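Working notes for the structure below.
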Amino acid sequence: MSDTHISVDNLTMAYGDYIIQRNLNFTINRSDIFVIIGGSGCGKSTLLKIMIGLKSPATGSINYQGDSFWDATDFQRDHLRRKFGVLFQSGALWSSMTLKENVALALKQYTDLSKNEISELCSLKLALVGLAGFEDYYPNEISGGMKKRAGLARAIAMDPEYLFFDEPSAGLDPLSSRLLDDLILELRDSLGATVIIVTHELASIFTIANNSVFLDPETKTMLANDDPKYLRDHCDNFKVRNFLQRGEAKQ
Amino acid sequence: MREQQITRVQLIGDWLIEHSISNSQQTIDSLTTSVVELDATALGKWDSRLITFLVKLRKHTDRHNLTLNLVNLPEGAHRLLTLAFAVEAPEGASRSSKKENFFYRTGKGFLSTVANSKSVISFVGKVTLSIGRFFRGKANYQRSDLWVTIQETGAEAFPIVSLIAFLVGAILAFVGVVQLNKFGAGIYVADLVAVGVIREMGAIMTGVIMAGRTGAAFAAQLGTMKVNEEVDALTTMGIDPIDFLVLPKVIALILMLPLLSIYANLLGVMGGAAVSLAILDVSIYQYMVQTIYSVTLVDFFSGLFKAIVYGILIAIAGCRCGIECGKSAAAVGLATTSAVVSGIVAIVVANAILNVIYTLLDI
């Protein structure tokens, strides 16, 4: 039985009068790994920003377990945001803080845990992403791949129900990218989080995702919404199949 | 054969981040039997809070060579526990926070000051060579950058310089009027304001404004370029960042600070005049005649020379802090603060030295 965790209803995204996408409708089930796919400039990152509350939609709504995010009060919205974990493309770690302090911030803000307990949790989160021993390092002292993993440790600090990733594989070598995919799968399976990813990495998409939406920059709307492996092999829309087969689809 | 002793630990209720779990460490420390059995049958809701306990328990049993049996532990918790131990901390990665003693800190501070001084001298040398190339027409910079910087440091600073210079002139006049009127010498306020502003205050106030406004902007701009590797990009293309980025800024400030200083002198005298006309029984004509007779060309040029020196100092302080900035957001903030502080300190020190030289030369 499906368990709708997020639903996007009649969503239109715009910058001023310039419409990027219109009438987006799709649902995401609990523990899905959902990818937002589409060509450059189709509004993937904008959709992610609207979903996490960094930009407001032109019209339409996004509902988390039935509650509209953008119709909620500021207090309700802040409360909902505590269930979000976001990994930004660059990692977006706070450069003046150590990795441990980066992970600890949300725990200090939103829990009554003691200093020791917070420290243990931070060490655990960093160990989960393979950064045990790097607690006292600053972001500028570690590599790009490590920054990504540290960003992930910060994103899962509060055991979020919803995990958002903006281009998680960007700038990583294929092996690191594969390890990150495995980590995302492992965290989804163990934490039971719903994962939403913006990515261009086809290998990554087919490895981890079980649901997707395809946005088209020309028609400015979604062309398909299903399991990306199914869309690659059986989608009626040639544009979608061609994109997912790296331009090698047959008409 | 020794009989195995088993301690059974039961996990009961919710283990969530929201709740602090007391006595968990004591419970772990008390486990000394050869086998520890952890029964999670009565476990309620759980999250990472449970995993931190399991990690501590696993470390304890490993350290004491005890066998740990996990009974009815949820699959997700099992997986997270495995993941937590999947990658060991690399040898030598962990940092211990060792307290440094007084002598170590003093030595470190001294070495850092020496390195800093060397870096200042080296930077001044590079800028001097770059200015030399500029006059020989061999400097690699964009003219448009120079014009834009001249506009930003000159024309766009007019409002703030106007306000501050006018008020400084007015303040000098207020102080003078109160004192000089006691001796019936109120008209000499014009002398006080004119000499004070043109020899000292015009240049120094313009310098302080420019250190806060332009010096900080130079440091922030160059610092951000350093963070974004834009400076490295220039270097790899064989373009000298000093010529390309620093030179236009130094030239613009050397040109603009004296001009702004002349403008500030004018506004300062006007501020003094406004106060004198309001409080004293003098006409604008009397005030201006008194001003013109009190100021010599030597006063004017000595003030102007100070402005040129301040321009060089502010530009060098701002650009050096920016170009030698670290590669983080915090470093940019530090560079900006450092540019303003070192710029103002340099102005005040230079002013004192120049005044001593002027006195010795009887200027």
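The values are calculated or read from the model by the stated rules, or taken from the named source; none is laboratory data. The structure presented is a predicted model; accordingly, all values stated were derived computationally and were not measured. When we count neighbours, we look across all protein chains shown, and the Cβ atoms used for this are built from the backbone with ideal geometry, even at glycine.
Points worth noting:
- Of all residues making up the range B:64-78, the number that are at the interface with chain A (Cβ under 10 Å from one of its Cβ atoms) and either of a type in the set (Gly, Ala, Ser) or buried (at least 18 other Cβ atoms within 10 Å of the Cβ) (or both): 2
- Answer from A:GLU120, A:GLU101 - the residue that is at pLDDT 90 or above, part of a helix (DSSP H, G or I), under 19 Å from B:SER48 (Cα atoms) and more than 10 Å from chain B (Cβ to nearest Cβ): A:GLU101
- Only residues that are touching a helix residue (DSSP H, G or I) at 6+ places or on another chain (Cβ under 9 Å) and either crowded, with 17+ Cβ neighbours inside 10 Å or within 27 Å of B:LYS45 (Cα to Cα) (or both) were counted across the range A:208-222, and they come to 9.
- The single residue among B:PHE166, B:PHE134, B:PHE158 that is closer than 30 Å to B:THR235 by Cα, part of a helix (DSSP H, G or I) and aromatic (Phe, Trp, Tyr) turns out to be B:PHE134.
- Subset of the range A:79-112 [over 14 Å from A:PRO139 (Cα atoms) and not hydrophobic (A, V, I, L, M, F, W, C)]: A:HIS79, A:ARG81, A:ARG82, A:LYS83, A:GLY85, A:GLN89, A:LYS108, A:GLN109, A:TYR110, A:THR111, A:ASP112
- Filtering the range A:83-97 to residues that are assigned to a loop (DSSP other than H, G, I, E, B) and more than 11 Å from chain B (Cβ to nearest Cβ) leaves A:LYS83, A:PHE88, A:GLN89, A:SER90, A:GLY91.
- Looking only at the range B:40-55, residues that are touching a strand residue (DSSP E or B) at 6+ places or on another chain (Cβ under 6 Å) and either within 14 Å of another protein chain (Cβ to nearest Cβ) or of a type in the set (Ser, Thr, Tyr) (or both) come to 4 in all.
- Total residues in the range B:137-155, condition exposed (fewer than 15 other Cβ atoms within 10 Å of the Cβ) and either among the β-branched types (Val, Ile, Thr) or part of a helix (DSSP H, G or I) (or both): 6
- B:LEU257 meets each of the listed conditions (1) touching a residue at least 40 places away in the same chain (Cβ under 8 Å); (2) within 19 Å of the chain's Cα centre (by Cα) apart from (2).
- Residues being surrounded by fewer than 17 Cβ atoms within 10 Å (Cβ to Cβ) and either in contact with a helix residue (DSSP H, G or I) (Cβ under 6 Å, 6 or more places away or on another chain) or not hydrophobic (A, V, I, L, M, F, W, C) (or both) - total across the range A:182-206: 6
- Scanning the range B:109-150 for residues being in contact (Cβ under 8 Å) with a residue 24 or more places away in the chain and aromatic (Phe, Trp, Tyr) gives a total of 3.
- Flag if B:ALA278 is more than 30 Å from B:PHE123 (Cα to Cα), part of a helix (DSSP H, G or I) and free of Cβ contacts under 8 Å to residues at least 40 places away in the same chain: yes
To keep it simple, each residue is scored yes or no on (1) within 14 Å of chain A (Cβ to nearest Cβ); (2) aromatic (Phe, Trp, Tyr); (3) surrounded by 15 or more Cβ atoms within 10 Å (Cβ to Cβ).
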{"residue": "B:GLN4", "(1), (2), (3)": "no, no, no"}
{"residue": "B:LEU11", "(1), (2), (3)": "no, no, yes"}
{"residue": "B:ILE21", "(1), (2), (3)": "yes, no, yes"}
{"residue": "B:GLN26", "(1), (2), (3)": "yes, no, no"}
{"residue": "B:LEU31", "(1), (2), (3)": "no, no, yes"}
{"residue": "B:VAL35", "(1), (2), (3)": "no, no, yes"}
{"residue": "B:LEU38", "(1), (2), (3)": "no, no, yes"}
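- Residues (under 13 Å from B:LEU57 (Cβ atoms) and touching a strand residue (DSSP E or B) at 6+ places or on another chain (Cβ under 8 Å)) located in the range B:11-31: B:LEU11, B:TRP15, B:ILE21, B:THR27, B:LEU31
- When restricted to residues that are within 14 Å of another protein chain (Cβ to nearest Cβ), of a type in the set (A, V, I, L, M, F, W, C) and under 21 Å from A:ASN225 (Cβ atoms), the range A:175-204 contains 2.
- Residue within the range A:25-37 that is assigned to a helix (DSSP H, G or I), on the phi < 0 side of the Ramachandran plot, surrounded by 16 or more Cβ atoms within 10 Å (Cβ to Cβ) and in contact with a strand residue (DSSP E or B) (Cβ under 6 Å, 6 or more places away or on another chain) present: no
- Filter result for B:ALA335 (of a type in the set (Gly, Ala, Ser), within 14 Å of chain A (Cβ to nearest Cβ), over 21 Å from B:LEU192 (Cβ atoms) and without any contact (Cβ under 8 Å) to a residue 24 or more places away in the chain): no
- Being within 14 Å of chain A (Cβ to nearest Cβ) and at pLDDT below 95 holds for only one residue in B:THR61, B:THR113, B:THR106, B:THR82, and it is B:THR82.
- Selected residue (criterion: surrounded by the most Cβ atoms within 10 Å (Cβ to Cβ)) from residues of the range B:320-330 that are in contact with a Lys or Arg (Cβ under 9 Å, 6 or more places away or on another chain) and modelled with pLDDT of 90 or more: B:GLY322
- Strands (runs of 3 or more DSSP E) contained entirely in the range A:189-235, each with at least 1 residues that are without any contact (Cβ under 8 Å) to a residue 24 or more places away in the chain: A:221-226
- The listed residues are A:GLU135, A:GLU161, and the only one of them that is within 12 Å of another protein chain (Cβ to nearest Cβ) and surrounded by fewer than 21 Cβ atoms within 10 Å (Cβ to Cβ) turns out to be A:GLU161.
- If you go through the range A:76-115 and keep only what is of a type in the set (A, V, I, L, M) and farther than 30 Å from B:ALA331 by Cβ, you end up with A:LEU80, A:LEU113.
- Filter pass, B:ASP47 being surrounded by 11 or more Cβ atoms within 10 Å (Cβ to Cβ) and closer than 27 Å to B:GLN4 by Cβ: no
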